[in-house]
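The values are calculated or read from the model by the stated rules, or taken from the named source; none is laboratory data. Bear in mind that the values here come from a model prediction, so they are computed numbers and not experimental data. Neighbour counts are summed over all protein chains in view; Cβ atoms, including those assigned to glycine, are modelled from backbone coordinates with ideal geometry. These area figures cover heavy atoms from the full protein model, side chains too; ligands, DNA and RNA do not enter into them. Shrake-Rupley method; radii C 1.70, N 1.55, O 1.52, S 1.80 Å.
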Amino acid sequence: MNERSTVGQEVPVEGYAGRPRDAQLEYKAILANASIGIAFTRERKFTLCNPKFAEMFRWKPEELIGQPGDVVYPSRESYEALGAIAMPVLGAGRQLDVEWEVRRKDGTTFLARMIAKAVSPTDAQKGTVWIVEDITAEHASRASLEASRDALERAVAERTAELQDANERLQAEIGDRRQAETRARHLADHDALTGLPNRRLLEDRLTQALALSQRNREQTAVMFIDLDRFKSINDLLGHSAGDVVLKEVSGRLVKQLRVVDTICRMGGDEFVVVLPEIKRASDAANVAAKILETVAQPFTVEGRELRITPSVGISVYPDDGRDAETLIRNADAAMYHAKEIGRANYQFFTEQMNQSASTRLALENDLRQAVLKGEMRVCYQPVVNASSGRVAAHEALLRWQHPSRGMIEPADFIHLAEDTGLILRLGEWMLGEACRWGTFIGTGRGLPVCVNLSTRQFNDPKLAEMVAHALKETGLPPALLELEVSEPTVMHDMDLALAVLRKLRGIGVTVAIDAFGAAYSSLVGLRQLPANKLKIDRSLVAEVHKGGKAIVAGIVGLAHALDLKVTAVGVESEAQKAALVACGCDYLQGFLTGLPADADTASKEYV
Ligand code: C2E
Ligand code: CA
């Protein structure tokens, strides 16, 4: 540092109590030892600097004095730019405080904080004092601090986003789970097809309704609704069409009811309606009448117009039962009665119905034991050649010799056997008996024995095996066994029927389509079936001589074209016989040509 330039006249020093000369010495000492750079400039030249300042800029202090100000800036532009900022501030007597890039003598640069103030704002000649601090390190640490703060903020933001994301996923999952729970709860209590309450929920609701009725001394009606011949819709059009009908029916039922009423689907084609708080039983009758009317309106399913009717049974609390189970059971018994008396009507429960329901139950129990107890009998009815009148075959017909009720016809127990599945055991026994009798009577005479198969037997996967077994056991030649399957049974599922019939034909037995004309008379379906015979139903035979000849002739003509022999069943009069012969029927079966007779009687002809 150039001392000469720093030493001036002794003048009093502001804020200093000692002699001016001492003050100058002290200032010098301060300047010499200050850890920040201090310099004075005047007219754009350095006039004084302390050692620290010179060291910062890598000048020797005495060299720097007299140098133009711009030597410590990276470029002339940088110097001018700072000047443009500094002039107005300094000129106004204020302090300049900037961070600026400055240059060392060797050309390297560093970041400095520069504080400048004019010694006298009004007199630029008096110069400017510059206090300079190298803030490279501070700046770097500030930058790294900022960078780490930014990184931290970023990390926090990312984590927050992640958490938010996780939270959203969690919320969605909770929502999904709640929905699934609600769905599961709904499914547990509701029927999946119609969305109606199921039996479980019905019992809850009915029990509540009964408690309320008891308190209010009112009545509650329970209605058991079953669709008439719904099975034939399923059989004819398939289960998806059946489902459409069930949904439509449930929709129609719902529309007929009040909000306080409950309707439930018990399964299959059965519905139960609870009408709480009714004043009198006739209120339930009115609702039942409306239900009959609305359900009977035609449906369009898969482009076809269908009609279905319901049968309705009604029980009323408290007269017909005091608990849910009894009321439902009694309404069911009343519905059964409605079916018995011709369907498409409603019936109120009576105690007598209970008796017939329990009779049915007792019959079912008896039927379970019937084969073992040897109560089953087989009758044989001849089938005769239409032109010669000679016996051509025998149809085996089941009878039940009940110990207390006497002889029971198949019409009174085959349905029960079919519903309970007992038909499989019964059918197997029957087939064995018929084959044995057929071996005894038919072999040698070439007389086949005809055996009826129920739907359940026909659909039993073990049918062919069972038939083959019966033939083997009894030694009956397969050609002498004729199996009869009703038309609705084969039309129900043509693919399945084809497979079963092919298997049976494979064994070598003959197959007849029974009860043709009772339900569908599907001539188109017939064409595809590998059957040998067609048995025209009694209902058509009954009319054949009274204007029904053309229908029968048509069926016979078509059957012959398809290479099927035709048997007319239920021939009771000569007039019918003549008409049937004229139509070209091959065989006749009926009370006119031969009554069903027990095995011994039927055998007498031949032994
Ligand atoms: P289906 O196969 O149509 O058998 C003919 C029915 O018509 C027999 O009644 C027979 O007695 C009756 N019938 C014969 N000729 C006449 C007649 O001139 N007039 C009248 N009114 N009826 C006549 P059944 O024995 O009461 O059998 C009724 C139905 O029960 C049978 O109808 C058949 O579908 C079923 N069935 C009988 N036995 C068996 C069996 O062993 N297994 C199976 N699955 N069903 C059987
Ligand atoms: Ca038959």
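When the accessible area of the stretch 20-134 is split by element with a 1.4 Å probe, what percent falls to carbon and sulfur?
On the way: 3280 of 6050 Å².
Ligands and nucleic acids excluded, carbon and sulfur reach 54 percent.
Probe radius 1.4 Å, ligands and nucleic acids ignored: give me the carbon and sulfur share of the accessible area of the stretch 374-604 as a rounded percent.
Numbers: 5290 of 10050 Å².
Percent of accessible area from carbon and sulfur atoms in the stretch 374-604: 53.
Taking the Cα centre of the chain as origin and charging only Cβ (+1 Lys, Arg; -1 Asp, Glu), how large is the dipole, in debye to the nearest 20?
On the way: 73 positive and 83 negative charges, 80 e Å.
Taking the Cα centre of the chain as origin, the dipole is about 380 debye.
Please arrange ASP419, ASP176 by accessible surface area, largest first, computed with a 1.4 Å probe and ligands excluded. Before the final figure, lay out the partial values.
Values: ASP419 120, ASP176 95 Å².
So the residues, ranked largest to smallest area, are ASP419, ASP176.
Determine, at each q value in 0.13 (inverse angstroms), the log₁₀ of I(q)/I(0) that the Debye formula gives when each Cα of the stretch 20-134 is one equal point scatterer.
-0.46
Taking all protein chains in place and a 1.4 Å probe, what share, in percent, of the accessible surface of the stretch 199-365 do carbon and sulfur account for? Provide the component values of the computation, followed by the final result.
On the way: 3840 of 8170 Å².
Its accessible area is 47 percent carbon and sulfur atoms.
Debye calculation, C-alpha points only, no solvent: report log10 I(q)/I(0) for the stretch 199-365 at q = 0.10, 0.14, 0.17, 0.18 Å⁻¹, in the same order as the q values.
-0.36, -0.70, -1.00, -1.10
Roughly what % of DSSP beta bridges within the stretch 374-604 run antiparallel, to the nearest 5?
Of all bridge pairs located within the stretch 374-604, approximately 40 percent are antiparallel.
Hey, how many Å between the Cα centroid of the stretch 388-463 and the Cα centroid of the stretch 47-115?
A separation of 124 Å, based on Cα centres.
With each run of n ≥ 4 DSSP H residues scored as -39500 (n - 2.57), what mean residue ellipticity at 222 nm is computed for the chain after dividing by its residue count and rounding to the nearest 500 deg cm²/dmol? The partial results should precede the final answer.
Working: 23 runs with 300 residues, N = 607.
Value at 222 nm, helices only: -15500 deg cm²/dmol.
Over the chain, give the accessible area per residue in Å² for a 1.4 Å probe, as an integer. Walk me through the intermediate numbers first.
Details: 31820 Å² over 607 residues.
Value for the chain: 52 Å² per residue.
Subtracting the Cα-Cα distance from 0.36 nm times the residue separation, let me have the gained length for THR350 to ARG445 in nm, one decimal. Could the numbers behind the result be given before it?
Details: separation 95, 0.36 × 95 = 34.20 nm, distance 5.61 nm.
Full extension of this stretch gives 28.6 nm more.
Output wanted: per-residue J couplings in Hz (rounded whole) for the stretch 246-262, from phi through Karplus 6.51 cos²θ - 1.76 cosθ + 1.60, θ = phi - 60°, x for Gly and Pro.
4, 5, 5, 4, 5, x, 5, 5, 4, 4, 7, 9, 7, 5, 6, 6, 10
Can you give me the long-range amide H partners of MET266? Hydrogens built in the peptide plane at 1.01 Å from N, cutoff under 5 Å, separation of 5 or more residues or another chain.
PHE271, VAL272
Rounded to the nearest 0.05, what FRET efficiency is calculated for ALA151 and GLU26 with R0 set to 41 Å and r the Cβ-Cβ distance?
Values: r = 48 Å, r/R0 = 1.17.
Step by step, r from the Cβ atoms, then E = 0.30.
How far is the Cα center of the stretch 156-172 from the Cα center of the stretch 274-352, in Å?
Each part reduced to its Cα centre gives a spacing of 58 Å.
Let's see if you can work this out: charge +1 on each Lys and Arg Cβ, -1 on each Asp and Glu Cβ, no other charges. What is the dipole magnitude of the stretch 374-604 about its Cα centre, in debye to the nearest 20?
On the way: 22 positive and 25 negative charges, 110 e Å.
Its charge dipole is roughly 540 debye.
Restricting to the chain, compute how many DSSP beta bridges are antiparallel as a %, nearest 5. Mind dumping the intermediate values first?
Numbers: 65 of 91 bridges.
Looking only at bridges with both residues in the chain, the antiparallel portion is about 70 percent.
Size of the chain along its principal axes in angstrom, Cα-based, largest extent first?
Taking the Cα atoms of the chain, the three principal extents are 168, 66, 47 Å.
Compute the Kirkwood hydrodynamic radius of the stretch 184-276, taking the inverse of the mean of 1/r over all pairs of distinct Cα atoms, and give it in Å to one decimal. Spell out each step's value before the answer.
Numbers: mean 1/r = 0.0712 Å⁻¹.
Value: 14.0 Å, from the Cα pair sum.
Rounded, prolate or oblate for the stretch 374-604? Axes are the square roots of the Cα gyration tensor eigenvalues, ordered a ≥ b ≥ c, and the cut-off for rounded is a/c under 1.5. Please list the in-between numbers first.
Details: a/c = 1.43, a/b = 1.21, b/c = 1.18.
In terms of gyration-tensor shape, rounded.
Amide H neighbours of ASP228 under 5 Å, at least 5 residues apart or on other chains, H built in the peptide plane: list them.
THR309, SER311
For the stretch 430-447, what does the Karplus curve 6.51 cos²θ - 1.76 cosθ + 1.60, with θ = phi - 60°, yield as ³J(HN,Hα) per residue in whole Hz, taken in order and with x for Gly and Pro?
4, 4, x, 4, 5, 5, 4, 5, x, 5, 5, 9, x, 5, x, 9, x, 9
Given the Cα-Cα distance of SER358 and GLU543 and 0.36 nm per residue of separation, how much length would full extension add, in nm? Walk me through the numbers before you get to the answer.
Numbers: separation 185, 0.36 × 185 = 66.60 nm, distance 3.82 nm.
Result: 62.8 nm gained on full extension.
Short version: ³J(HN,Hα) in whole Hz for each residue of the stretch 556-562, in order, from phi by Karplus 6.51 cos²θ - 1.76 cosθ + 1.60 (θ = phi - 60°), x for Gly and Pro, what are they?
The phi angles translate into 4, x, 5, 4, 5, 4, 8 Hz.
Under the rule of at least 5 residues apart or a separate chain, name every residue whose amide H is placed under 5 Å from the amide H of CYS49.
ASN2, PHE40
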